[in-house]
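Only one structure is covered here, and it is reproduced in the block below.
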Amino acid sequence: MISTTREERRWFVRNLAQGLADYTGTSEPPVPVEEMLKHPPGLYQNDFGVVEMYSSLWDATFARPLTQRGNVFVHVNLTPEKRRFALARETLSALITSKQGRALGLADLLLSELRDSAECFARALVAPAMMVEAYRKRGGSRDDFADAFGMPSEVAAARWDEVQTTVPH
Amino acid sequence: MSMQALNQLVARSIVDPSVAQAFSNGTVTSLLDNFDFSDELKTRLSDLHATNFAEFSILAYRTVKAVEEITQPRIELPSPLEGLVDDRDQAADDEQVA
């Protein structure tokens, strides 16, 4: 695999997120991340799922037991905003380890800095660039951005700046 | 426009298995026909050598970015020395000195 920069990997995962967001057919926030994981594209029937967990080691983590369907295990007591973002973040691991993800070569590109790529992916999935731009055109403010898209405020702040500097994604 | 086309191609790859298949079958050129790339760029992208679609995407990103940087008009900023002093003020100053 060729060496890549963080900017290149972020560009790539933002577009993957856009592809999934397009799949949900949603034009208004919030993007139904959990619904997508529970009713995935046919391609990911064996890769997406959500299981509640009580362990407080993680907010969420993806796991794929041998020969079984992969699932995102998510802590039961998260706020809806933190839950949506954590599920979105772990979706990238589900994609990477899926048959389709292996065919695309996602692991070679993304495993080296998985955390950064997964968080960038999640920001773009919960707040796709086109929705953010539409929100701004309607006069939506930075202060209300997190509530409008259903995401944690620190994530919203990062995404707001990101879309400003990286249009179209 | 081409970067937008590349964005669409990468976005599609995650939900459409035909993208990875086209890459592994060596039929990337026909895949690119479905997106709004110029003929020259299509040729350049078809000539890229990559081990998988993800690597192809990164090489394509570099190619498209380089082409767009060359073809986009540069913004020409005026010299900081120009326009600081109004011409009429300058003339008045000259007269006073004389």
Under the condition of being of a type in the set (S, T, N, Q) and at the interface with chain B (Cβ under 7 Å from one of its Cβ atoms), which residue from the range A:12-32 is surrounded by the most Cβ atoms within 10 Å (Cβ to Cβ)? A:N15
Of all residues in the range A:103-118 being more than 9 Å from every other protein chain (Cβ to nearest Cβ) and charged (D, E, K, R), which is farthest from A:F145 (Cα to Cα)? A:E113
Got at least one residue in the range A:147-156 being β-branched (V, I, T) and touching a residue at least 40 places away in the same chain (Cβ under 8 Å)? yes
Can you confirm whether A:F121 is within 14 Å of chain B (Cβ to nearest Cβ) and within 8 Å of the chain's Cα centre (by Cα)? yes
If you check every pair at least six apart or on different chains, which have Cβ atoms under 8 Å apart with a residue in the range B:47-68 that is within 10 Å of chain A (Cβ to nearest Cβ) and surrounded by 19 or more Cβ atoms within 10 Å (Cβ to Cβ) first and a residue that is hydroxyl-bearing (S, T, Y) and in a helix (DSSP H, G or I) second? B:F53/B:S13; B:S57/B:S13
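Taking the criterion of being basic (K, R) and more than 21 Å from A:T24 (Cα to Cα), would at least one residue in the range A:143-166 satisfy it?
Taking the range A:143-166 as the starting set, the residues that turn out to be basic (K, R) are A:159.
Within this subset, residues satisfying the condition of being more than 21 Å from A:T24 (Cα to Cα) are none.
Among the residues of the range A:143-166, not one is basic (K, R) and more than 21 Å from A:T24 (Cα to Cα), which makes the answer no.
Only the coordinates and a few stated rules stand behind these numbers; no lab work does. Nothing here was measured: the structure is a model prediction, and the numbers come from that model. Reconstructed Cβ throughout: ideal geometry from the backbone, glycine too, with neighbour counts over all protein chains shown.
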